[in-house]
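The structure appears below as structure tokens.
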Amino acid sequence: MARVFVSWSGGKDGCLAAYRAVRSGLEIGCLANTVSADGSRSVSHGMAASVIRRQAAAMGLTVYQQPTGENDYREKFLEMLAVFKADGITGGVFGDIDFNPHREWIDSVCAAAGMTAYLPLWEEDQTGLLHEFIDAGFVSIVVAVRQDVLGPEFLGRTVDRSFLADLAALGRGITPCGEAGEYHSLVVDGPLFRQRLELTQTRTVTRDDHHFLDITGTALRPREPARE
């Protein structure tokens with residue numbers, strides 16, 4: 001069984017990719033999360049690094065948090081992959097769907113590291129992917145929105161069919177999975193989780209062109225029994 005890392009920002013796409021990878025027979029060796037140079041926040045959407053660690057604990061997985069700067073991201077990413085390879089990890093799982101320049105970057109760094117890149121969601125229908133994610137029993141919370149397309153009232157909402165219907169009703173061409181950065185999410189429960197991540201303290205903040213759900217308190221709770 002091949003051991004892989006999962007490129008991880010805490011959101012639904014990477015989580016669904018990980019879920020598919022496990023179901024296909026791959027073994028998750030760790031989560032890979034790039035963070036700011038000071039280690040305080042996830043690079044992808046400003047999530048506190050401590051929240052990502054708490055999420056990983058809820059999943060019973062190790063998360064490797066690699067500090068990166070503006071000018072050394074590729075170099076630091078490759079350093080991280082070298083650590084993984086030395087531990088017997090032979091590939092990486094990515095949640096990308098349809099952004100070709102990033103696909104090319106993924107293929108490039110994995111090739112440079114002598115690893116296999118897995119993109120289980122690539123070029124699939126986004127609405128279908130979200131329905132699969134929801135139907136599998138995953139729960140994801142909106143933690144960031146681009147303020148030119150969504151207001152702060154969307155923060156804290158569960159990514160469910162009602163949420164998708166509201167996005168469509170806005171008529172702004174918002175991609176269902178937020179692939180243009182319209183929104184980001186944090187997965188808090190689901191079949192990959194051993195415990196449920198509860199957000200106990202949050203506040204709304206605005207930085208640059210985004211509204212964020214700033215999470216200042218979390219707790220791990222027993223998972224509820226799966227619904228039949």
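The values are calculated or read from the model by the stated rules, or taken from the named source; none is laboratory data. Nothing here was measured: the structure is a model prediction, and the numbers come from that model. A quick note on method: Cβ atoms are made from the backbone with ideal geometry, for glycine too, and the neighbour counts reach across all protein chains shown.
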**Request:** Determine whether T116 is among the β-branched types (V, I, T) and over 19 Å from the mean Cα position of the chain (by Cα).
**Result:** yes
**Complete:** If we keep only residues of region 32-80 that are β-branched (V, I, T) and farther than 16 Å from W105 by Cβ, then the residue surrounded by the fewest Cβ atoms within 10 Å (Cβ to Cβ) is T62
**Selection from region 121-153 of residues that are among the aromatic types (F, W, Y) and part of a loop (DSSP other than H, G, I, E, B)** = W122, F138
**Message:** For region 1-120, give me every one of the strands (runs of 3 or more DSSP E) that falls completely inside it and has 2 or more residues that are over 30 Å from L199 (Cβ atoms) and in contact (Cβ under 8 Å) with a residue 24 or more places away in the chain.
**Reply:** 116-118
**Fill in**
Within region 181-217, residues being without any contact (Cβ under 8 Å) to a residue 12 or more places away in the chain and either under 14 Å from the mean Cα position of the chain (by Cα) or within 30 Å of A21 (Cα to Cα) (or both) number 0
**Prompt:** When you look at V159, is it closer than 22 Å to A18 by Cβ, surrounded by 14 or more Cβ atoms within 10 Å (Cβ to Cβ) and in the same structural domain as L199 (by TED's automatic domain parsing), yes or no?
**Reply:** yes
**Request:** Determine which single condition P101 fails, assuming it passes every other condition in (1) crowded, with 19+ Cβ neighbours inside 10 Å; (2) out of contact with any strand residue (DSSP E or B) (no Cβ under 6 Å at 6 or more places or on another chain).
**Result:** (1)
**Asked** Looking at region 165-184, is at least one residue surrounded by 14 or more Cβ atoms within 10 Å (Cβ to Cβ), part of a strand (DSSP E or B) and in contact with a Ser or Thr (Cβ under 9 Å, 6 or more places away or on another chain)?
**Response** yes
